[in-house]
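J.: Pasting in a structure now, in C-alpha cells, and then I'll have a few things to ask.
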Amino acid sequence: MAPAYRPLHYNRKTLPKDQCSFGSSNFELIYEDNSRYLKSIKFSKPLEVSDAFLKIASSDNQLLIYNMFRKSHPLQQIENLGNFLATKPIGKVKVTSLTGYGAFAFAFETADGKILKITDINHFPDGRKPAKFDLPIIESGRLNKYPPYHYYIEEKVTQDNLSQGELKQLIKEIKAMGYKMKDYLVHYDETFETDIKTEQFGRAKDGKIYLIDPGCAIETDMVYNSNKKYNLKKLFKRLIK
C-alpha cells in the first residue's frame with residue numbers, strides 16, 4: 001500500500017450503484033462524479049473484515065479494480081492482506097461496508113457502528129503523539145513488523161454538517177499550537193482563499209469537530225513536548241504571545 005487515509009468526497013454527485021456478485025453474496029459499489037471514483041462498498045450482510053478484503057480481491061469489476069489500483073492497491077496485495085488478517089483476532093471483526101480508502105489505509109464501518117481502519121503505516125506521522133484536535137482512538141494495535149500493519153478503532157463521525165467557518169477556526173487553532181498543515185485545502189493553496197476539504201474532518205457525538213486524517217498535521221519544533229529539550233527563550237516568547 002502506499003499518502004494517508006482519506007475519506008472520500010461525500011459532497012459529490014453519486015452515480016447509480018453497481019451490483020457485483022461473488023457466488024451467493026452481493027455487494028454494492030457506489031461511485032461518484034463523472035470520473036467514476038469509488039466512494040464506498042456496501043456489503044449485503046456483515047462480514048469478517050478479513051473476508052471483506054478477500055471478496056474485494058476476487059472482484060472482476062473493472063472499475064473497482066481501477067479504483068483500487070489508482071490508490072496503489074493491486075488485488076493480489078489486497079488478497080494477501082485478507083489472508084494475513086484471517087490469522088489475527090482483529091480480522092474477525094464484523095464490518096458492514098468499506099466507507100473510505102486511501103493509499104495507506106482502508107476504513108470500514110463495523111457492525112456496532114464504529115470505524116475500523118487497517119493501515120500499513122503508523123496513523124500518526126513521524127510517530128507524533130495524538131493531540132486534542134485528533135479524533136480519539138478507542139483501540140489500536142500493531143499487527144506486523146513488515147509490512148507494518150496497524151489497526152485503529154474510532155467513533156464514526158458525521159461530515160455533512162461541517163461549515164467552512166468552523167473548519168477554518170480549527171485550522172487556525174492547530175497552527176497556533178505549532179503544527180504545520182498539509183493536504184487540507186481543496187486547491188492546494190496555502191491561504192484561506194480556498195475551501196477546506198471536509199473529508200479530512202468529522203463531527204463526533206460530543207459535537208466537536210476533529211481531524212480524522214492525522215497525516216494532515218505535522219509536528220514542528222514549536223509544538224510543546226515535555227519530553228523534548230526546548231530553547232527556553234523560544235518557549236517564553238510563545239507563552240507571552
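J.: For the stretch 165-179 and the stretch 50-121, compute the distance between their C-alpha centroids and round to whole Å.
T.: 32 Å
J.: Also: How many nm separate the modelled label positions at Asp206 and His187, each set 7 Å beyond the Cα in the direction of the Cβ?
T.: Distance between label points: 3.6 nm.
J.: In what sequence, largest accessible area first, do Leu75, Leu167 appear using a 1.4 Å probe?
T.: Largest to smallest exposure gives the sequence Leu75, Leu167.
J.: Enter the accessible area of Ser72 (Å², nearest 10), with the probe set to 1.4 Å and all protein chains included.
T.: 50 Å²
J.: Order His187, His123 by their accessible area, 1.4 angstrom probe, all chains in place, largest first.
T.: Of His187, His123, the descending order of accessible area is His187, His123.
J.: My understanding is that a pair violates if its Cα-Cα distance is over 31 Å; which of Lys145/Lys205; Lys117/Lys180; Lys145/Lys180 do that in this structure?
T.: Lys145/Lys205
J.: What FRET efficiency do you get for Asn80 and Lys45 if R0 is 25 Å and r is their Cβ-Cβ distance, rounded to the nearest 0.05?
T.: Efficiency, rounded to the nearest 0.05: 0.55.
J.: While we're here: Please calculate the 1.4 Å probe accessible area of Asp60, with all protein chains present, and give it to the nearest 10 Å².
T.: Approximately 120 Å² for this residue.
J.: Which value, in Å² and to the nearest 10, is the accessible area of Val93 when all protein chains are kept and the probe is 1.4 Å?
T.: Estimated to the nearest 10 Å², Val93 gives 40 Å².
J.: Go through Lys168, Lys45 and list them by solvent-accessible area, largest first, probe radius 1.4 Å.
T.: Correct descending sequence by accessible area is Lys45, Lys168.
J.: Between Lys88 and Ile218, how many nm apart are label points set 7 Å from Cα along the C-beta direction?
T.: So the label points at Lys88 and Ile218 sit 2.8 nm apart.
The values are calculated or read from the model by the stated rules, or taken from the named source; none is laboratory data. Quick caveat, the model's predicted, so the values are computed rather than measured. When we count neighbours, we look across all protein chains shown, and the Cβ atoms used for this are built from the backbone with ideal geometry, even at glycine. Remember, those area values only see protein heavy atoms, side chains included, never the ligands or the DNA or RNA. Shrake-Rupley method; radii C 1.70, N 1.55, O 1.52, S 1.80 Å.
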